[in-house]
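As structure tokens, the structure follows; a few thoughts come after it.
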Amino acid sequence: MLRFLPAPLRGVLAALIIALNTLILCWPLFIGALLKLVLPFQAARRVLNFFMHGVAQTWIAVNKGWMNLVGGSEWDVQGIENVDMRHSYLVTSNHQSWVDILVLQYQFNRRIPLLKFFLKQELIWVPVIGLCWWALEFPFMKRFSKEYLTKYPEKRGQDLATTRKACERYRSNPVSVFNFLEGTRFTPAKHAEQASPFRHLLKPKAGGIAFVIDAMGEQLSSFLNITIHYPDGNPSFWDLLTGRVRKIVMRVEQQPIPAQLLGRNYDEDEAHREQVKQWVNLLWTEKDALLDRLAAEHPPLG
């Protein structure tokens, strides 16, 4: 534990560990990606994916190490006991901070297949790490504004087509496909702009998760619905680096994907679209109520 060090120094040390961790482990990923290009055979891809996922899991394990070293956050986690590495999962969570991603990786690393996050297309240009995400076949999404789609209607549905194409690559191995249903981090300004009906959440977007279900269908063993609560308020990434995230509360609900949503086409079936939206809105109503309870049970530490 480095709690005896000043917080800024802890933050600098953690940032250096992340940088070194990334710069060292990115090279095996780049080499693996190149080999997949020159060896486009299913057997070779399976072996290379196994190797590359191991590299990514090692990267996450190192991150867990510095998180424990600089902060040693108190964890209150329930519902994570019955998952494994042999099955494919559809996963979602509320989204409050960039810290969410490291929190999810911390708890699920080597417990379920590597989490494959949906990422904004612009993030592929993030130095080094963007190429790592590409090498690991994370799905990159290009989101268009309503104004742009009005002007160029032929682009409508392109992001969902990307979802379908990405998921097709996951059929040969167990995978955990992750999608933040809100599409962006919660802030009071975004909440007000949306006039969200939820107290703690932005409006969920059903399209991305629906196309994962359409594309993967019976391969998905179950749905992991994750709720994250930070008693001291939504932390910044610097808060995590400096060890100031004192407590993290996580609830994991594992449930089957409703049978009536399988084998349908979100693009073409209006009744199916409405069913998915109703299911997602119910999930969000229940999650909002859970966040109310967690806030009451786990008040700020002061």
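Numbers for the structure displayed
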{"quantity": "Unique match (being modelled with pLDDT of 90 or more, among the hydrophobic types (A, V, I, L, M, F, W, C), under 20 Å from the mean Cα position of the chain (by Cα) and surrounded by 14 or more Cβ atoms within 10 Å (Cβ to Cβ)) among 180, 211, 198", "calculated": "180"}
{"quantity": "Among the residues listed as 34, 102, 90, the single one being hydrophobic (A, V, I, L, M, F, W, C), more than 18 Å from residue 174 (Cα to Cα) and touching a helix residue (DSSP H, G or I) at 6+ places or on another chain (Cβ under 7 Å)", "calculated": "102"}
{"quantity": "Residues of segment 264-302 classified as part of a loop (DSSP other than H, G, I, E, B), free of Cβ contacts under 8 Å to residues at least 40 places away in the same chain and under 19 Å from residue 220 (Cβ atoms), total", "calculated": "1"}
{"quantity": "Given (1) in contact with a Leu (Cβ under 8 Å, 6 or more places away or on another chain); (2) farther than 28 Å from residue 71 by Cβ, number of the condition residue 229 does not satisfy", "calculated": "(2)"}
{"quantity": "Residue 35 vs. criteria within 24 Å of the chain's Cα centre (by Cα), over 15 Å from residue 133 (Cβ atoms) and without any contact (Cβ under 8 Å) to a residue 24 or more places away in the chain", "calculated": "no"}
{"quantity": "Which numbered condition residue 229 fails, given (1) buried (at least 16 other Cβ atoms within 10 Å of the Cβ); (2) at pLDDT below 90; (3) closer than 22 Å to residue 105 by Cα", "calculated": "(2)"}
{"quantity": "Elements of type helices (runs of 4 or more DSSP H) contained in segment 39-135, each with 1 or more residues being at pLDDT 95 or above and closer than 26 Å to residue 233 by Cα", "calculated": "42-70, 99-108"}
{"quantity": "Filter result (loosely packed, with under 15 Cβ neighbours inside 10 Å, touching a strand residue (DSSP E or B) at 6+ places or on another chain (Cβ under 7 Å) and not hydrophobic (A, V, I, L, M, F, W, C)) within segment 65-75", "calculated": "74"}
{"quantity": "Boolean, residue 267 is closer than 30 Å to residue 172 by Cβ and surrounded by fewer than 20 Cβ atoms within 10 Å (Cβ to Cβ)", "calculated": "yes"}
{"quantity": "Lone qualifier among 220, 261 - being surrounded by 14 or more Cβ atoms within 10 Å (Cβ to Cβ), of a type in the set (A, V, I, L, M, F, W, C), more than 24 Å from residue 119 (Cβ to Cβ) and in contact (Cβ under 8 Å) with a residue 24 or more places away in the chain", "calculated": "261"}
{"quantity": "Condition check for residue 213: assigned to a helix (DSSP H, G or I) and either touching a residue at least 12 places away in the same chain (Cβ under 8 Å) or under 21 Å from residue 115 (Cα atoms) (or both)", "calculated": "yes"}
{"quantity": "Flag for residue 177 being closer than 30 Å to residue 45 by Cα and assigned to a helix (DSSP H, G or I)", "calculated": "no"}
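The values are calculated or read from the model by the stated rules, or taken from the named source; none is laboratory data. The structure presented is a predicted model; accordingly, all values stated were derived computationally and were not measured. In this analysis, Cβ positions are derived from the backbone assuming ideal geometry, glycine residues included, and neighbour counts consider all displayed protein chains.
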